[in-house]
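One structure below.
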Amino acid sequence: MPGKIVGKKSVKYRIENLDCAHCAANLERKLNKADFKVEVNFATSTLIIHSENVDEETLKKRISSIESDVSIIPVEVSKPGNHHGDIYRPYKDVRLWKLGVSLVLFTTGLVLKQYGVVFRGVDLSVSVLLGGYLVAGYDVILRAFKNIFKGNFFDETFLMTVASFGAIALGEIPEALAVMMFFGMGEYFESRALSNSRKLIKSLIEIQPETARVKSGGTFVEMSPENVSVGSRIQVRAGEKIPLDGVVLSGSSTLDTSVLTGESMPREVFPGSEVMAGMINKLGVIEIEVKIPYADSSVSKMVKLIENANSKKTRTEKFITSFSKKYTPAVLAVSLFIAFAMPFLTNMNFSEWISRALVILVISCPCAFVISVPLGYFSGIGASSARGILVKGSFVFDVVGKIRKFVFDKTGTLTKGEFELVETKSLDECRTNDELIKIAASVENHSSHPIAQGIKNAYEGELYEVREVEEIPGRGIFGKIGEDEVWLGNHKMIEDMGFKPRSDKAGILNLVYDGKYIGWFRVADRMRDDAGPVLKKMKSLGVEQTVMLTGDGYSIANSIAWESGVDEFISDLLPDEKYVEVERIKDSLNGKGKVAFVGDGINDAPSIARADLGIAMGIKGSDLAVESADVVIMGEKLKSILDLYSISKMTTAVVWQNILFAFFIKALFISLGAFGFATMWGAVFADVGVTLIAILNSRRILRKFK
């Protein structure tokens, strides 16, 4: 009976036992030969099918038919559940056991050979060493032969098998065992390095709480966060994760926000504080009103971003993948020439040249290239996540270093998007500034406008009772205190009433009470504390110009530009005009550099998408902005952009160090091997040693930024 038919939406599967990046690439390549599109994400051990009509049973059969081509261990595929289990299982314990046994047999064989121990005419060292060879390399040999029968000659298992068989034929059994043993050791350390690199990303994915304690009647019942509706009241006890985004209704506590934002300092919350799913309640019990459904919550968005973080690759990764396909057959051709042509061109015998050819085969194994590049970028993704920076692909690290112009939105980016009262002026000798604030706060208490919140926050006492409140779009607000009419609004409102504004400063609200113009207030959006220092630091990182684009008027924009230190600003822009300005700035570079845009709102999404690097400020920003961005700053701090610069610089440096080091060492030892100066032991170092050094070098990224 056929399986369920999946519609147009992409379907995700979890892959177990996919233990190498090369295997993941092979699996993706082979599956894409079918009539559906597949993406294999090695970073999170997931497989995504993009097709209009996929039979699940057929898919599993297809995977089963090719899994022996791509992995020694059978690949298991299953639908992910409501929560994430291990996204990566470390190298099988049996392989570690296998390495231990082969090492014991290797040591024993060398000792027996040293003393020439013979039993009934049989050299025991040969038997022991061959036994160790089979233990260490049986799975590699098996996969090599399977690949040969399927026409796939050019991979590392084939090279190792041919080289070790040749060594045995020449009587160099210890060297053959060493090749297999150290090849397995390199694969083991590779898997452990990947496992350790995944821990940070795994910890982020596991921030999804599995249950929520929801109030029902007079008690709290546990249910899946996905089934909790907006407006529900949930309880979170000390030590528990907050399951959904909302507002604290009762209780106060300290929250650990480090996993979400990368900040080490705890956050104090009390009634009225906004909280996000994934934060950990460290102290007492708090009750929260759910404001956002689980599917749209910050933690759900974040996990989706993490799971797709490795889907967009750099040119370097694509080059190495393409290079390795051509590199292996080329080296094999060189080895065959050395083994069978050089004896006729020189006076040396076949065994000497065959021995040199086998050394070159071992040296030329592409493992160091195949693993070191993705592992370097993968470490960069993990380090960024630990700092509260989510990147949607390793390509980001290459782009960051090429940025020459940084473009910023104003509200919510250079500023916090939180308004505060910064100046009050009474024009009535009978009323103090405090009295004016009380009147204004009483009226604005009935408004949800961000500017109204700034006025309300400025007064903490008891408010007047206000009747007949009416908001006037584009003007202000009206209400009655007793029988007195109160008008609070911009210059357009009071000019229409026949009054002349007394101040031309940006952000002015004028107050008319009982027919008299009695005063004005200045409300300003709060500048981010780190905006000025960050923009100043960018100049030392190669950024030639910083630009602010805003829909606000000239006077407000000029004030923020002066305070933040941007080089240029453009005000009074509509969303589509911001997009046009980003295009203009890109064109001004004439291809000599990249442009980054930083924003957070729906109106920023087109500009974020158009820039070479789009950055969204905060996972709580608009869905469209987050989806359009290449980078999401979780902690909503501009300083995180400097962290991204540092991580990108080190990541690209490590990747190129690994590539150049591997090229140099392999080229050196291949030359030495061709002239007979490199032995099989040197070949093992040039293969496994280079791979291990590349792995350790990549690990430096995580150690520095963890």
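Just a few scattered comments:
- Stokes-Einstein D for the stretch 567-620, Kirkwood Rh over Cα pairs, 25 °C, 0.890 mPa s (µm²/s): 212
- Each of the peptides 139-148, 652-661 was scored by the mean count of other Cβ atoms within 10 Å over its residues; in descending order, highest first, they stand as 652-661, 139-148.
- Here the calculated FRET efficiency for residue 145 and residue 336, from their Cβ-Cβ distance with R0 = 22 Å, stands at 0.70, rounded to the nearest 0.05.
- Projected onto planes of every orientation and averaged, the convex hull of the alpha-carbon atoms in the stretch 464-586 covers 10.0 nm².
- Taking 0.36 nm per residue of sequence separation and removing the Cα-Cα distance, the residue 291/residue 577 pair yields an extension gain of 99.7 nm.
- Accessible surface ranking for 579, 327, 1.4 angstrom probe, highest first: 579, 327.
- Listed values for the stretch 435-450 are Karplus-derived 3J(HN,Hα) couplings in whole Hz (6.51 cos²θ - 1.76 cosθ + 1.60, θ = phi - 60°), namely 5, 5, 5, 5, 4, 5, 5, 4, 6, 5, 4, 9, 10, 9, 5, x, and x replaces Gly and Pro.
- Put simply, the amide H of residue 273, placed in the peptide plane, has neighbours under 5 Å in 248, leaving out anything fewer than 5 places away on its chain.
- Over the stretch 543-700, the Kirkwood radius and the radius of gyration, each from Cα atoms, give a ratio Rg/Rh of 1.23.
- By average C-beta atoms within 10 angstrom, highest first, the peptides 233-244, 328-339: 233-244, 328-339
- Mean projected area in nm² (Cα convex hull; one quarter of hull surface) for the stretch 491-557: 6.0
- Placing R0 at 30 angstrom, the Cβ-Cβ distance between residue 671 and residue 169 gives a FRET efficiency of 0.75 after rounding to 0.05.
- Overall dimensions of the stretch 351-427 as given by Cα atoms, namely Rg and Dmax in Å: 26.6, 105
- Between the stretch 454-471 and the stretch 396-449, the alpha-carbon center distance in angstrom: 18
- Paramagnetic label reach from residue 420 (point 7 Å along Cα→Cβ; backbone nitrogen cut-off under 20 Å): within the stretch 631-650, residues 636-639.
The values are calculated or read from the model by the stated rules, or taken from the named source; none is laboratory data. Since this is a predicted model, take the numbers as computed values, not measurements. Here Cβ is always computed from backbone atoms with ideal geometry, including for glycine, and neighbour counts include all displayed protein chains. Surface accessibility is based on the protein's heavy atoms, side chains included, excluding ligands, DNA and RNA. Shrake-Rupley method; radii C 1.70, N 1.55, O 1.52, S 1.80 Å.
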